[in-house]
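The block underneath contains the structure these notes are about, expressed in structure tokens.
The values are calculated or read from the model by the stated rules, or taken from the named source; none is laboratory data. Keep in mind the model is a prediction, meaning the values are calculated, not measured. Note: ideal-geometry Cβ built from the backbone for every residue, glycine included; neighbour counts use all protein chains shown. Surface areas here come from the heavy atoms of the whole protein model, side chains and all, with no ligands, DNA or RNA. Shrake-Rupley method; radii C 1.70, N 1.55, O 1.52, S 1.80 Å.
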Amino acid sequence: MNYAFATAPHAPTHHPPEELLLDLATGAASASEALMLKTHLAFCPPCRDAVRVLEDAGGALLNALEPVSLPPNMLNRALRAIEQSEGAAPAPEPPSVGSVIGANLASTAWRKVPGGLRMRRVDAGSGAPRANLGRTESGRVWLFEAPAKMKMFQHRHVGDEWTVVLSGEFHDGGERYKAGDFVWLPDGHRHQPVMGADAPCVGLILVRDSPLYTSVVGKIAAPFIRL
Amino acid sequence: MTVNTADTSRPRDYRARTATLRLVPAATMAFHGDAMPAPLFRDQPAFEELIAAIGAKQDRSAFAAVFAHFAPRVKAYLIKSGSDYNAADELTQEVMLLVWRKAARYDPAQANAATWIFTIARNKRIDRFRRERHAELDASDPTLAPEPTTLPDHQLEAADQARKVTQAVATLPEEQASLLKLAFYEGKSHSAIASQVGLPLGTVKSRLRLALTRLRGNLGSDS
């Protein structure tokens, strides 16, 4: 189940800064960050090309590494493992960006926030359930749906905030953000988004953990309910 | 193992080309483990053909040749990114088995062999060390915004781009190359790199930005 990916012909005009695309290519991005960036990539062929160039650099650097010798018979062991897996079910593929969002739509409920806004938690690190050890996640992804014309209270963010619009649009600081646009607001940015007039605005938002609010919901709801 | 052997999307002369290639990698079966000589196939196109042969007909000699070149480099990458030697052997094995399993879906128009194997090794590293599994963009997803242009030969285009990027990486000034290597080999963010090398964050950012401009700038400029 895909969540209305790229149904609009609109080509994104707001892109992630290059350093975030580099984090994606090197593997420095967290699962949440990767989900946000790849959602934008689904809309944006030029950014897909840019990531491909960076991954080519990764390939070139891999090729340039001084080889480290392997124990004898590694190849034979690999070939034996291949023989043994013959006929076995293929390894599960990583989930697609669309299926991650879709799976969350199926398994989580909307949480209502005053002002008509609805939000849903998206677990970006999906796949096999694992221990939380070593997890470097800093922030949570939420799917939001804001009614047309909704005007948020002016608020200031602690930590940077990323948004990807899936459908509809919102206006902020003289800019118009439409489907596929990636909005990166720096730490401490003060703003007051207003939703477009024609349709609800749906998108993904990555909100950083912050010591100021005690719950993630509270943190997100804060701008709307004047915490 | 489910492999689509009736793949009609490949170039028409594909079988002819791999038929001539088969003779060469078959010789690599004479070598075992780390006794295998360093790269038998330095020409970039060969590895793409070999991976295609693994995917199309489970060609073990093609796999042996890919293994001989890439496995020791994948191990080097995993060690640089924090794995100890024993774990690196196991992880390298897992990466190479993924190369075998994913070969049927390898598309040389999307990535050259080194790039493709880098992404597999990178994802394995994220999976193992960060306990995360990242969602993938599925190129066959019909809802993906289509590429704006259809070029006559994507495969040549991908190979050409990889060659230019490789050249750009090789000629980066040392102060940029060293930071780019930290980013790729250790999967570090800008701020982590800054604290590791003891440079101000702004300096790291501007040097990496210059490096990325060169990677991009080399594309198309001399074609």
Yes/no for B:SER83 being closer than 16 Å to A:LEU65 by Cβ and open to solvent by less than 30 Å² (accessible area, probe 1.4 Å): yes
Residues that are in a loop (DSSP other than H, G, I, E, B) and touching a Ser or Thr at 6+ places or on another chain (Cβ under 9 Å), drawn from segment A:185-203: A:PRO193, A:ALA199, A:PRO200
Selected residue (only one of B:ARG209, B:ARG163 is closer than 19 Å to A:PRO17 by Cα, in a helix (DSSP H, G or I) and open to solvent by 50 Å² or more (accessible area, probe 1.4 Å)): B:ARG209
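Can you tell me which residue in segment B:86-107 is least open to solvent (accessible area, probe 1.4 Å), limited to those that are small (Gly, Ala, Ser) and under 27 Å from B:SER189 (Cβ atoms)?
B:ALA88
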All helices (runs of 4 or more DSSP H) inside segment A:39-147 with 2 or more residues being at pLDDT below 85 and within 11 Å of another protein chain (Cβ to nearest Cβ): A:97-107
When residues of segment B:166-198 are limited to those that are in a helix (DSSP H, G or I) and charged (D, E, K, R), the one nearest to B:THR115 (Cα to Cα): B:LYS181
Test: B:SER191 is open to solvent by 60 Å² or more (accessible area, probe 1.4 Å) and closer than 28 Å to A:SER30 by Cα: yes
Single residue of segment B:68-80 satisfying the filter (facing chain A (nearest Cβ under 7 Å) and surrounded by fewer than 24 Cβ atoms within 10 Å (Cβ to Cβ)) that is nearest to the chain's Cα centre (by Cα): B:ARG73
Residue, modelled with the highest pLDDT, within segment B:87-133, restricted to residues that are more than 8 Å from chain A (Cβ to nearest Cβ) and outside any helix (DSSP H, G or I): B:TYR106
Segment A:15-24, subset under 22 Å from B:LYS124 (Cβ atoms) and within 8 Å of another protein chain (Cβ to nearest Cβ), residue surrounded by the most Cβ atoms within 10 Å (Cβ to Cβ): A:LEU22
Looking only at segment A:25-38, and only at residues there that are facing chain B (nearest Cβ under 8 Å) and either open to solvent by 10 Å² or more (accessible area, probe 1.4 Å) or at pLDDT below 90 (or both), the one that is farthest from the chain's Cα centre (by Cα): A:ALA28
